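Working notes, structure below.
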Amino acid sequence: MFEFIRKNNKLLTGLLMLLILPAFVLGGIELYHRAAGAGDGVASVNGRAITQHEWDAVHRQRVQQLRDAQPGLDVSLLDTDYAKYQTLERLVEEYAVMEWIAKSKQFVSDQQVQEALLEIPQIAALRGADGQINTQAYADLLRNSGQTPQSFEAAVRGQLSEQQFMQGLGLASSWQPAMLTEQVIKPLLQQREVQVAMFPTAQYVAQVKHTDAQLQDWYRQHTARYSVPEQVDVEYLVLDPQAVLKRHPHTDKDLADWYAQQAARYGTPETRRARHILIAADEKADAATQAAAQKKAEDLLKEIKAQPERFADLAQKHSQDPGSAAKGGDLGFFEHKTMVKPFADAAFALKPGEVSGVVKSPFGYHIIRLDDVKPAKVPALQTVLQQVENDFAEERLKQHFASDANLLAEAVAKDRSSLQAAASKLGLSVQTAKGLTANAQAQQLPPTQVILTHPNVQKVLFEQQTLSGKQVSDPITVSPNDVVVLRVTNHVPAHTQAYEAVKAQVQADYVQEKAAELAKAAGQAQLQQGAANTAGVPFAAPTTVSRIKPGNYSNAVVDAALRANVNKLPALEGADLGEQGYAIVRVLKAATESDELAAPLRAQYAPAVQQSVAQAQVQAYLNSIKPQLKVKINVPKPTVPQNLQHAAE
């Protein structure tokens, strides 16, 4: 189990996230059954409803995860009905997997859950001298993330069960015949020796004649080209960590004083090496059992005092700690916090070579001998200055951000007509952005304006109340430490530009399109004359092309070359180059790349082919169980947005 988790970093990351996120979506089977309600909702699985609120929450979480992973991502693509529907489909499939696991009782064992817990560093650090987790420290750790041991272990069981289930499907579909990979790479290896004759659009521009009436008619047929999206000019304030820390500066003395209080965080704590003998006695055992264990420990202590050199030998013979008995009771070096308190207090009170009295802990009765001490080490401030400054800044941010955000809210509430008063009160600069659209992409904006592309900001920015009233908005939370307030200063509704305003562009577009049509017509006319009549056709010198080595030619030219009938060479094919014109491709020879190139391609594409096959088979399996689980999606599936359709094409 340990190796399974170590080799599945995503699973281990997921388990760690359970500790970090108080409400981890779909954390486990038990949580799923507790969260899901009866009814239809936006979707249902086996009669358990998925609510609109849950759908929205999961979509927001996934959008934020993508934003964190890809800061330059155009989030407008994710704020569409289509993207939200994809989230719902994945959510339904996750619920279906959980329901199927529960229905077929394919849970992981308690032992697997416990082993997984010990793979989480924060929990592994809670093991005591007997190798068991300190239950109180474990509960305290989980309480800090708003969980209980029961809910957390249910979440871990859910993730492990889902991982086991999905891995089983993957293993079942991991075999594939080698010919599948060959079918994928074969088109990439095909070569053609070609001559290409270009019919460029530019050569036909002079032949295009037009009247103003024709231009106006063409304009009316293509008004979408000359439409202007809704735009706003906006002024805004950003309360972020930099602004807060600037408002609350610190001195070198402040930093030094804080470090003096926190120095232990940056050093190495004192560790001690000890041996022990454990006579086990559960703290819930009856008095007689406790007394017998205590007496045995006291008798052993007498032997040790008489013959101290026999401590390791006696530990091997009598200690009931399976983790250390075979090593003569040696526990290695440990920190105070890693042991249960009675044991740790006793061990850290000894001097090297000293033996403790009998020490009672929740696990029984211990005799401890201290062998070595490694003193705590505290580094000089200058050696850890950068880390200390970062941590001190974070501490100050926690102290001041909420109060500054409240001040900002109060300031804008008092004056909705301007940002100046709020800016002065908090020492912020009023920033401006012009011509901002609802689909503005982060990578197209200056760094200071990227925050305006956040969905929370966009939603407020283009609300009717914001646009019509030109009032200062309420504070908009972008992240836990980023708040924006804004005011629209100018609003331009979406509209089509007048013909006279874009006449020059209309003329250029009309001429370009008609010239491209003439180029295509000329090329197709020449192509129809066939290979027997190519005199005067401006073929370039022969060259070899393939999909992986297209040379200077476009995909359209390569596609045409590979489309030609190799049994009838030389052959002619046409290639429509769109606005660039047309090309005639004369194919002279056909060949296949050498094995020298094929081998690395096989190595490159085989994993992707296998993954695609596995994903397809997993999806087919999920589709097969949906009818049995009465899966229903009660929301109409939206159409694919045009920008994604174009991307797919």
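Can you find even one residue in the stretch 503-512 that is open to solvent by less than 70 Å² (accessible area, probe 1.4 Å), in contact with a Ser or Thr (Cβ under 8 Å, 6 or more places away or on another chain) and either of a type in the set (Phe, Trp, Tyr) or under 30 Å from Ala197 (Cα atoms) (or both)?
Within the stretch 503-512, one or more residues are open to solvent by less than 70 Å² (accessible area, probe 1.4 Å), in contact with a Ser or Thr (Cβ under 8 Å, 6 or more places away or on another chain) and either of a type in the set (Phe, Trp, Tyr) or under 30 Å from Ala197 (Cα atoms) (or both).
Suppose the filter is part of a helix (DSSP H, G or I), more than 33 Å from the chain's Cα centre (by Cα) and closer than 16 Å to Pro229 by Cα; does Val502 pass it?
Against the criterion (part of a helix (DSSP H, G or I), more than 33 Å from the chain's Cα centre (by Cα) and closer than 16 Å to Pro229 by Cα), Val502 qualifies.
Count, please, the residues in the stretch 567-604 that happen to be in contact with a Leu (Cβ under 8 Å, 6 or more places away or on another chain) and either farther than 24 Å from Gln195 by Cβ or among the polar types (S, T, N, Q) (or both).
3
Got a number for residues in the stretch 49-72 being under 19 Å from Tyr95 (Cβ atoms) and either in contact with an Asp or Glu (Cβ under 6 Å, 6 or more places away or on another chain) or open to solvent by less than 70 Å² (accessible area, probe 1.4 Å) (or both)?
Residues in the stretch 49-72 being under 19 Å from Tyr95 (Cβ atoms) and either in contact with an Asp or Glu (Cβ under 6 Å, 6 or more places away or on another chain) or open to solvent by less than 70 Å² (accessible area, probe 1.4 Å) (or both): 11 in total.
Quick one: which helices (runs of 4 or more DSSP H) sit completely within the stretch 211-285 and have at least 2 residues that are over 30 Å from Ser473 (Cβ atoms)?
212-221, 252-262
Could you list, ordered by first residue, the pairs with Cβ atoms under 9 Å in which the first is in the stretch 328-343 and under 12 Å from Glu270 (Cβ atoms) and open to solvent by 50 Å² or more (accessible area, probe 1.4 Å) and the second is outside any loop (DSSP other than H, G, I, E, B) and of a type in the set (D, E, K, R), at least 6 apart or interchain?
Short answer, once both residue conditions are applied: Phe333/Arg272; Phe333/Arg273; Phe333/Asp372; Phe333/Lys374; Glu335/Arg272; His336/Arg272; His336/Asp345.
When the stretch 515-530 is examined, which residues are found to be out of contact with any helix residue (DSSP H, G or I) (no Cβ under 8 Å at 6 or more places or on another chain) and either open to solvent by less than 60 Å² (accessible area, probe 1.4 Å) or assigned to a helix (DSSP H, G or I) (or both)?
Once the filter is applied, which keeps residues that are out of contact with any helix residue (DSSP H, G or I) (no Cβ under 8 Å at 6 or more places or on another chain) and either open to solvent by less than 60 Å² (accessible area, probe 1.4 Å) or assigned to a helix (DSSP H, G or I) (or both), the stretch 515-530 yields Glu517, Lys520, Ala521, Gly523, Gln524, Ala525, Gln526, Leu527, Gln528, Gly530.
Just give me the residues in the stretch 116-140 being open to solvent by 40 Å² or more (accessible area, probe 1.4 Å) and either closer than 29 Å to Ala57 by Cα or within 26 Å of the chain's Cα centre (by Cα) (or both), in sequence order.
Listed by number, the residues that qualify are Leu118, Pro121, Gln122, Asp140.
Out of all the residues in the stretch 614-627, which are open to solvent by less than 80 Å² (accessible area, probe 1.4 Å) and either among the basic types (Lys, Arg) or under 24 Å from the mean Cα position of the chain (by Cα) (or both)?
The answer is Ala614, Ala616, Val618, Gln619, Leu622, Lys626.
Could you go through the stretch 563-577 and let me know if any residue there is over 19 Å from Thr592 (Cβ atoms) and either assigned to a loop (DSSP other than H, G, I, E, B) or at pLDDT below 90 (or both).
Taking every residue of the stretch 563-577 in turn, at least one turns out to be over 19 Å from Thr592 (Cβ atoms) and either assigned to a loop (DSSP other than H, G, I, E, B) or at pLDDT below 90 (or both).
Between a first residue in the stretch 475-490 that is closer than 22 Å to Gln464 by Cβ and at pLDDT 95 or above and a second residue that is assigned to a strand (DSSP E or B) and polar (S, T, N, Q), which pairs have beta carbons less than 6 Å apart while being 6 or more apart in sequence or on different chains?
From the stretch 475-490, no pairs qualify.
Take the stretch 144-156 and flag every residue that is open to solvent by 60 Å² or more (accessible area, probe 1.4 Å) and modelled with pLDDT under 75.
Asn144, Gly146
Specify which of the listed residues (Asp286, Asp240, Asp257) is modelled with pLDDT under 95, open to solvent by less than 60 Å² (accessible area, probe 1.4 Å) and of a type in the set (D, E, K, R).
Asp240
Of the numbered conditions (1) open to solvent by 40 Å² or more (accessible area, probe 1.4 Å); (2) in contact with a His (Cβ under 8 Å, 6 or more places away or on another chain); (3) among the hydrophobic types (A, V, I, L, M, F, W, C), Ala315 satisfies every one except a single condition; which is it?
Here Ala315 meets the rest and fails (1).
Restricting attention to the stretch 406-430, report how many residues are part of a helix (DSSP H, G or I) and open to solvent by less than 20 Å² (accessible area, probe 1.4 Å).
Number satisfying all stated conditions: 6.
Find all pairs meeting these conditions: Cβ atoms under 9 angstrom apart; at least six residues apart or on different chains; first residue within the stretch 134-156 and in a helix (DSSP H, G or I) and among the small types (Gly, Ala, Ser); second residue at pLDDT 80 or above and surrounded by 13 or more Cβ atoms within 10 Å (Cβ to Cβ).
From the stretch 134-156, the pairs are Ala137/Val340; Ala139/Pro149.
Which residue, of Ala440, Ala433, is crowded, with 18+ Cβ neighbours inside 10 Å, outside any helix (DSSP H, G or I), modelled with pLDDT under 90 and touching a helix residue (DSSP H, G or I) at 6+ places or on another chain (Cβ under 9 Å)?
Ala440
What are the residue pairs meeting all of these: first residue in the stretch 266-291, first residue touching a residue at least 12 places away in the same chain (Cβ under 8 Å), second residue assigned to a helix (DSSP H, G or I) and aromatic (Phe, Trp, Tyr), Cβ atoms under 8 Å, and 6 or more apart or on different chains?
Between residues of the stretch 266-291 that are touching a residue at least 12 places away in the same chain (Cβ under 8 Å) and residues that are assigned to a helix (DSSP H, G or I) and aromatic (Phe, Trp, Tyr), the close pairs are Tyr266/Tyr259; Arg275/Phe311; His276/Phe343; Ile277/Phe311.
For the stretch 446-466, give me the residue count where each residue is open to solvent by less than 70 Å² (accessible area, probe 1.4 Å) and farther than 17 Å from Leu78 by Cβ.
4
Can you pull out the residues in the stretch 42-71 that are closer than 16 Å to Glu99 by Cβ and at pLDDT below 80?
Across the stretch 42-71, there are no qualifying residues.
The values are calculated or read from the model by the stated rules, or taken from the named source; none is laboratory data. On a predicted model such as this, the values are computed, not experimentally measured, just so you know. All Cβ positions, even for glycine, are placed from backbone atoms using ideal geometry, and neighbour counts span all protein chains on display. Side chains included, ligands, DNA and RNA excluded: accessible areas come from the protein's heavy atoms. Shrake-Rupley method; radii C 1.70, N 1.55, O 1.52, S 1.80 Å.
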